[in-house]
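These notes are about the structure you will find just below.
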Amino acid sequence: MDRQVIKEKWMDESTDFLKNIFQEIEKICNDLNLNNHEDDIAVRSTVEVLSEWLRFLDGIMLLFIQGRVDVAQVLVRSLYEITLQLLYLIKDKETMNEKANFYVAFSELKKYSTNNNMIKNKKKIGADTLKGEIENQKILESLTSSENEELGFLYEYFLDKGLVDKDLKNDSWYSVYEQYCQDKANVMKDKKIKNISSSILCEKVGFYSEENGEKILVNTIVYNELSRQAHGVNARDSLKVIDGVQKFRNYNCLQNGLWQLSLIEKIKSRIIVDCHSIFDEKLGKISDETYIRLYEAKTALDLLRKDLKALYIF
């Protein structure tokens, strides 16, 4: 078969593979949203995170159909990091509502911080900050409203930690939540927020993969691949000098596509299992049809691996 035909076939089939994943997660997102009759904050927050997850996967699909899998690696990393936040949020039923309240409150505070930065620097950037000022007023009203005592309590905590007037671009809600839990347990409270790395977060949610009979933290796999493919030794292959002329690797090189598909498939399976486990009353048990689709996805991935080997020597 002609090499270009194989490439185009792989691009089509890998995109279909991602579309199937999109539809699986979209169904969970829609079912949770439609069955959230009591407006449960944990369900609502989960739907928000899943919607963001789907937005990134949609971008990845657009790059795969164009054969721009190298560029897609950046979005795959973001997709993975969103996944860790989701798994952390819904890790157990006992803390899920508290985490969801914290996620909502800190997200609002982060908007407040972003607007505040624009307001403080409006002369430098020459921006109209009226919209941000109005939004900030509404944010403070919502956080201090008596309608939600939990949000009001968290706002007082943020004030105590000096977070309300801080630039929060480098802070994450889960890092602040971990500090909040420690502060509740200890008499001596630490004013400093200790940021949690993706590696620690991956450990906390127990996201591992079986590789050649060995249990490996998924974070290690992700950042090893990124170090080699996007930033490290393999990335240097994208630029070579031949006979004094710079030669760049084709933008439609598909070589890095397989590890991304494999990771996204692992993520999808974990999300399905965790969501059905935590939200069993709304989603029910995992159906036999879903188990069959999970198995079929592994078979499809093996075929994609085989076809890619016909194009590249690993």
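Being modelled with pLDDT of 95 or more and open to solvent by less than 60 Å² (accessible area, probe 1.4 Å) holds for only one residue in Ser269, Ser277, Ser287, and it is Ser269. Pairs meeting the criteria (first residue in segment 161-186 and in contact (Cβ under 8 Å) with a residue 12 or more places away in the chain, second residue of a type in the set (Phe, Trp, Tyr) and open to solvent by less than 20 Å² (accessible area, probe 1.4 Å), beta carbons under 7 Å, at least 6 apart or on different chains) are Val164/Phe158; Trp173/Phe102; Trp173/Phe106; Tyr174/Tyr88; Val176/Phe106; Tyr177/Phe102; Tyr180/Phe102. Counting the residues of segment 116-136 that are open to solvent by 30 Å² or more (accessible area, probe 1.4 Å), more than 27 Å from Gln179 (Cα to Cα) and not basic (Lys, Arg) gives 11.
Flag set for Phe22, criterion: out of contact with any strand residue (DSSP E or B) (no Cβ under 9 Å at 6 or more places or on another chain), part of a helix (DSSP H, G or I), free of Cβ contacts under 8 Å to residues at least 60 places away in the same chain and hydrophobic (A, V, I, L, M, F, W, C). Counting only residues that are aliphatic (A, V, I, L, M) and either open to solvent by 10 Å² or more (accessible area, probe 1.4 Å) or over 19 Å from Asn219 (Cα atoms) (or both), segment 71-108 holds 8 of them. Tell me which residues, restricted to segment 200-232, are touching a helix residue (DSSP H, G or I) at 6+ places or on another chain (Cβ under 8 Å), part of a helix (DSSP H, G or I) and aliphatic (A, V, I, L, M). Residues satisfying the conditions are Leu201, Val218, Ile221, Val222, Leu226, Ala230. The set of residues from segment 25-70 being under 18 Å from the mean Cα position of the chain (by Cα), open to solvent by 30 Å² or more (accessible area, probe 1.4 Å) and touching a residue at least 12 places away in the same chain (Cβ under 8 Å) comprises Glu26, Arg44, Ser51, Glu52, Phe56, Asp58, Leu63.
The values are calculated or read from the model by the stated rules, or taken from the named source; none is laboratory data. Everything numeric here is computed off the predicted structure, so don't read it as measured data. Ideal geometry is used to build each Cβ from the backbone, glycine not excepted, and the neighbour counts take in all protein chains shown. The accessibility values were calculated without ligands, DNA or RNA, using every heavy atom of the protein model including side chains. Shrake-Rupley method; radii C 1.70, N 1.55, O 1.52, S 1.80 Å.
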